[in-house]
Amino acid sequence: MQEFELISHESECMKRKLLSQEDEFRLQNETLMIELGQVSDVNDRFGSAQLLFATYFSNYEVQKNFIRYNVK
């Protein structure tokens, strides 16, 4: 009987530890998903800013070339 009780006790301890680790993993996963969303938002804003800058620069170059070749 003692061996059964010992094994049963060890089993319960392992179940509690597993549940604790699952909770910790779930929390870490939620945190990572939140951080990933934030990084994705920043990346989207950066991409939009990059596109805006590229468009502005391209327009500036077109205007500069237009003036250079049409004003003589």
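Just so it is clear, none of the values below were taken in a lab; they were calculated from the coordinates. On a predicted model such as this, the values are computed, not experimentally measured, just so you know. Positions of Cβ are backbone-derived with ideal geometry, glycine not excepted, and every protein chain shown enters the neighbour counts.
Between Asn43, Asn29, Asn59, the residue with the greatest mean-square fluctuation in the GNM of the chain (Cα pairs under 10 Å linked by springs) is Asn59. Computed over the alpha carbons of the chain, Rg followed by Dmax gives 30.8, 106 Å. Each Lys or Arg adds one and each Asp or Glu subtracts one; over the other residues with Cβ under 13 Å from the Cβ of Asn29, this totals -4. Computed from Cα positions, the angle between helix 2-70 and the longest principal axis of the chain comes to roughly 0 degrees.
Count Lys and Arg as plus one, Asp and Glu as minus one, and take only other residues whose Cβ is under 15 Å from that of Glu10; the net charge is then 0.
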